[in-house]
Amino acid sequence: MAHFDQAYFAQMAFDQRTHFDQAHFDWENYQVQTCPFWRDSTCPFGNKCFDSHANPPLRRKVVVRRHGKWNYSSRYCLSETENTACTMGDNCCFSHRELERNYHPHVYKTKMCTRIHESSFHYVTCTFAHDVKELREVSMPKLRLNPQMSVFTMIQSYKVLPCPNLGNCQCDDFYYHNPKEQRRVPMMNDQLVYLHHPCPNVKKMGFWGDPFNDSQCQPLNQKLEGVPWNCRFSHTLTEQMYHPFIFRTLMCHRKKCSFGSFCSHAHNRKDMRLPGGKLTDPAPLHNVHASKRSQ
């Protein structure tokens, strides 16, 4: 068992009081790293410790990636249950536990608390607001606009290859970071490789499942080397949304879109395409309609 002098523990106690001071509570870093004294059972704060008494910690730190999105959403992961762990691990883009969801910038202190009068309630670490002044607006990551890419590059290359620096991502989210983001090249030799319809073996009850589940799929007409799954239909949401028959054929409905130029929807009329149109440049609908009227 490790031994520490009283001065060290006094400094540690001061840090803990600073962390748990209501006016200066560092909620963004709460429970995101493992307590250094947990393994030796020398932590004097027990279950009131600011750091996590688990390894890995029970909460991932919410950070903004270079592409302008949070590293994971406040929505619960459907693959994470009491008996089954998510195969994506820390690379999953959804919340795995109540701790991750409640301390997410989209959720933390955005609603009023209803338990403030309970005697066993811990006021400082509560994720709800106890005063109107504490109420926060739902935080959105600062949008970092990506350089404009051609329609051909987006349809043929977006999320096709893995990120070369997964731990220190600098790809602006152009490459995939987990298998559920991965997609195949949709066109080869001017022919469609797969359709934009979701595979019934992967998308069930409105949810996308394991994209590698292709044992009962309709195989491609020609087996292609290097493709992750052999099926005539889309196996991931990105395969469907960035398919030539869907990509930017509809307007984006988000008021503040965090996807920027990587969004699969059009942000103005000039970006609109016709389903299955050319992959070189967008086909403005107003020009298409004008040409039809002239005929």
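Derivation of every value follows stated rules applied to the coordinates shown; laboratory data play no part. These numbers come from a predicted model, not from an experiment. Backbone-built Cβ (ideal geometry, glycine too); neighbour counts: all protein chains shown.
A few comments on the model shown:
- Label positions at residue 85 and residue 133, each projected 7 Å from the Cα along the C-beta direction, are separated by 4.4 nm.
- Cβ-derived FRET efficiency at R0 22 Å, residue 28 paired with residue 124, nearest 0.05: 0.95
- Cα→Cβ-extended label distance, 7 Å offset, between residue 39 and residue 210, nm: 3.3
- Extension gain from residue 178 to residue 114, taking 0.36 nm per residue of separation minus the Cα-Cα distance: 19.2 nm
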